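J.: I am attaching a structure below and will ask some questions about it afterwards.
Readers should treat all values here as calculations from the given coordinates under stated rules, not as data from a laboratory. Since the model is a prediction, treat every value here as computed from it, not as a measurement. Positions of Cβ are backbone-derived with ideal geometry, glycine not excepted, and every protein chain shown enters the neighbour counts.
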Amino acid sequence: MPKPAAVVGTDAVAEAMRQVQPDVVAAYPITPQTAIVETFSQMVANGEVHTEMINVESEHSAMSACIGAAGGGARVMTATSSQGLALMWELLYIASGLRLPIVMPNVNRALSAPINIHCDHSDSMGARDSGWIQLYSENAQEAYENTIQAMRISEHQDVLLPTMVNLDGFIISHSTERVDFYEDEKVRNFVGEYKPHYSLLDPENPVSMGNFDSLGGFYFELKRAQEEALENSFPIIEKVGEEFGKEFGTHYGLIESHYLEDAQVALVALGSAAGTAKFVVNKMREQGHPVGLLKLRVFRPFPAETLRKTLAHIPVIGVMDRSLTFAGSQGGPVFNEMRSVFYELDNRPRIESIVYGLGGRDLGPELIEGHLHELLQGRYTEGVKYLGLREGENK
Amino acid sequence: MKKWDIKDINSWGWRDHPLGGTIPESGNAATYPTGGWRSQRPVRDDEACNDCLICFIFCPEIAISAEEDKIGEINLYHCKGCGICARECPRKAIEMVDEVEAQSKERGEN
């Protein structure tokens, strides 16, 4: 039986890490991820988990140590946020390029400047092209369950790529929620044993990793193979999500569809905003308004085919971004990719870019509800809709 | 140890390479020529050399061999011409000479 507890999101993630029991965790504390590392290192100190905890001097070193350990054939995890993720940048590409199945919860926080510790997706969205799988969590329960599933997805022989499990800073990481924890043994059996494809510590089969690839080498071929692995992860993510459902009760897919069949206006959101939007959609449905929601659980790989199938019949789609693509009023990254999904269709939905919540600006249900009413009435925004921005008097 | 057959590697497609560009074989740096990087060539005066083996110990490329307390040849296939051997030799028995000149001498030019 699952054991319910009232915990903050960071504790839910640390508990998932304890249950997965990676061989190595190398991490550096950064707000709002700190509590994950603190809680987990306490578990290590108490002997509740048998993991080699490496305390490093920066996130650059954290990911470097993770890469070394994973190259040695270990099951490896770390966790970070914001500036920490930014400092890991060059190593993110090395982890994915070397095809090392590292799992990293990332507690979404705004990138400086101005320095801001609150929820914003500019950190993970900036890393969207680094070859990592990206899962987004709506609440603490999902953060816990995504962390468990991430290990299986990453380590699947058809994938072998690192996975970033995103959860919203403070909104999820520091809010107390009910989380149902599963039994240690069940989780461990679900995650299974890890057999590395290559290991630097296998003297019977010596290998060399991270080799120099000169002009006339095979960089191009290896990147193509990496793209294929990401493509291969679609059915694996779905299969792991299904099996998770069979074992623990909650089924996971690439997306979650909410009242989309007959919707005239739909929102697309990821992270905790999807929860708020769901609440609003439920309320408006009770009042008879044809609104719906698509929650994007997987942003990398980008499930274009699934999105096209699920959303093509809806006349108006508002795509919500908690970060900007600084390209000159082009909206956010989710919007840009979403718009490309429908380009080849003859009858394309109208896609609106909604940017909200930067630097932790609160996204209350009233904001979403008000905007859905505008969209229902055909009052569209030219360019980008900045939801919750103080426009001021001077225009 | 398995040998890795890369005879046709230039015609391999993107599906054919080992995961992440990993090389599934050990010791194959020996087949990789690094001597072409050299602009200075070490030349040893065998009369002055007393087989102290200091150059053998210091050579970062393992380009100098030693057997039974005797210094061996300087392997120009791997020697990058760093000059560490010449600097460390206590008897100044190794001289660094210009590589281009050394090569023209070998070809019998002046």
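J.: Could you point to the residue in A:Gly210, A:Asn189, A:Val265 farthest towards the positive end of the range A:178-302's charge dipole, with +1 and -1 charges on the Cβ of Lys/Arg and Asp/Glu respectively?
T.: Highest projection toward the positive end goes to A:Val265.
J.: Between A:Ile54 and residues 5 or more places away or on another chain, which pairs have amide H atoms under 5 Å apart, with H built 1.01 Å from N, and which residues are they?
T.: Under 5 Å from the amide H of A:Ile54 lie the amide H atoms of A:Val25, A:Ala26, A:Ala27, each far enough along the sequence or on another chain.
J.: Per residue, what volume in Å³ does the convex hull of the Cα atoms of the range B:14-56 enclose? Before the final figure, lay out each step's value.
T.: Details: hull volume 6.1 nm³, N = 43.
Considering the Cα atoms of the range B:14-56, their hull volume per residue is 143 Å³.
J.: Averaged over peptide A:217-225, how many Cβ atoms belonging to another chain are found within 10 Å of each residue's Cβ? List each step's numbers first, then the result.
T.: Working: counts 3, 8, 1, 1, 7, 7, 2, 4, 9.
Going residue by residue through A:217-225 and averaging, the value is 5.
J.: Output the pairs from A:Lys239/A:Lys283; A:Lys186/A:Lys309; A:Lys3/A:Lys239; A:Lys239/B:Lys3; A:Lys295/A:Lys395; A:Lys246/A:Lys295 with a Cα-Cα distance over 27 Å in this structure; if there are none, say none.
T.: A:Lys239/A:Lys283; A:Lys186/A:Lys309; A:Lys239/B:Lys3; A:Lys295/A:Lys395
J.: Taking a temperature of 37 °C and a viscosity of 0.692 mPa s, what whole-number D in µm²/s does Stokes-Einstein yield for the range A:323-382 with Rh from Kirkwood over alpha carbon pairs?
T.: Translational D for this selection: 250 µm²/s.
J.: Compute the distance in nm between two label points, each set 7 Å from the Cα along the Cα-to-Cβ direction, one at A:Glu242 and one at A:Ala5.
T.: Each label point is offset 7 Å from its Cα along the Cβ direction, giving 3.2 nm.
J.: Could I ask something else about it? Please list the radius of gyration and Dmax for the protein assembly as shown, considering alpha-carbon atoms only, with Å as the unit.
T.: Radius of gyration, then largest Cα-Cα span, for the protein assembly as shown: 28.6, 102 Å.
J.: Hey, another quick one. Taking a temperature of 4 °C and a viscosity of 1.567 mPa s, what whole-number D in µm²/s does Stokes-Einstein yield for the range A:28-95 with Rh from Kirkwood over alpha carbon pairs?
T.: The diffusion coefficient I find is 105 µm²/s.
J.: OK, next. In which sequence would A:Leu200, A:Leu296 go, from the one with the fewest C-beta neighbours within 10 Å to the one with the most? Please report the intermediate quantities before stating the final value.
T.: On the way: A:Leu200 18, A:Leu296 25.
So the residues, fewest neighbours to most, are A:Leu200, A:Leu296.
J.: Determine the sum of side-chain charges near A:Asn46: Lys and Arg each +1, Asp and Glu each -1, restricted to other residues whose C-beta is under 13 angstrom from that of A:Asn46.
T.: Around A:Asn46, the surrounding residues sum to -1.
J.: A:His197 to A:Asn282: extension gain in nm, 0.36 nm per residue of separation minus the Cα-Cα distance?
T.: Contour length minus the Cα-Cα distance gives 26.0 nm.
J.: Also: Please give me the summed charge of the neighbours of A:Ala6: other residues whose Cβ is under 14 Å from its Cβ, Lys and Arg +1, Asp and Glu -1.
T.: Value of the local net charge: -2.
J.: Only counting other Cβ atoms within 10 Å, I'd like A:His50, A:His251 sorted with the fewest neighbours first.
T.: Least to most surrounded, the residues fall as A:His50, A:His251.
J.: Hey, another quick one. Taking Cα atoms of the range B:68-110, Rg/Rh with Kirkwood Rh, to two decimals?
T.: Taking Rg over the Kirkwood Rh, I get 1.02.
J.: Here's something else I'd like to know. Using Cβ-Cβ distances only, list the Cys residues of the protein assembly as shown with no partner cysteine under 4.7 Å, sorted by number.
T.: Among the cysteines of the protein assembly as shown, those whose Cβ sits 4.7 Å or more from every other are A:Cys66, A:Cys119, B:Cys49, B:Cys52, B:Cys59, B:Cys79, B:Cys82, B:Cys89.
J.: If you don't mind, there's one more thing I want to ask. Output needed for chain B: three equivalent-ellipsoid semi-axes, defined as square roots of 5 times the C-alpha gyration tensor eigenvalues, in descending order, whole Å.
T.: 34, 19, 11
J.: What three numbers, in Å, describe the spread of the alpha carbons of the range A:172-275 along their principal axes, ordered from the longest?
T.: Principal-axis extents of the range A:172-275 (Cα, largest first): 53, 41, 29 Å.
J.: Using Cα springs under 10 Å in a Gaussian network model of chain A, which residue among A:Gly126, A:Gly331, A:Gly370 shows the largest mean-square fluctuation?
T.: Per the Cα network of chain A with a 10 Å cutoff, A:Gly370 tops the list.
J.: Next question, about the same structure. Given the -39500 (n - 2.57) contribution per DSSP H run of 4+ residues, what per-residue ellipticity at 222 nm results for chain A, rounded to the nearest 500 deg cm²/dmol?
T.: -12000 deg cm²/dmol
J.: Can I ask one more? Give me the Kirkwood hydrodynamic radius of the range A:1-160 in Å, from all C-alpha pairs, to one decimal place? If you can, show how the numbers build up before the last one.
T.: Details: mean 1/r = 0.0642 Å⁻¹.
About 15.6 Å for the range A:1-160.
J.: Can you spot the aspartates and glutamates whose alpha carbon is less than 15 Å from A:Lys385's alpha carbon? Ignore those fewer than 8 places along the same chain.
T.: A:Lys385 reaches A:Asp321, A:Glu352, A:Glu369, A:Glu374.
J.: Can you tell me how the range A:68-200 classifies by the Cα gyration tensor, rounded, prolate or oblate, using a/c under 1.5 as the rounded cut?
T.: Oblate, because a/c is 1.5 or more while a/b does not exceed b/c.
J.: When DSSP beta bridges are limited to those with both residues in the protein assembly as shown, what percentage is antiparallel, rounded to the nearest 5?
T.: Bridges in the protein assembly as shown are about 35 percent antiparallel.
J.: For n ≥ 4 DSSP H runs only, could you compute -39500 (n - 2.57) per run for chain B, divide by its residues and tell me the 222 nm figure to the nearest 500?
T.: Roughly -3500 deg cm²/dmol at 222 nm, from the helical runs in chain B.
J.: Turning to a different aspect of this structure: Where a Cα-Cα gap under 30 Å defines reach, which lysines qualify for B:Lys7, not counting those fewer than 8 residues away within the same chain?
T.: Partners found: A:Lys195, A:Lys223, B:Lys80.
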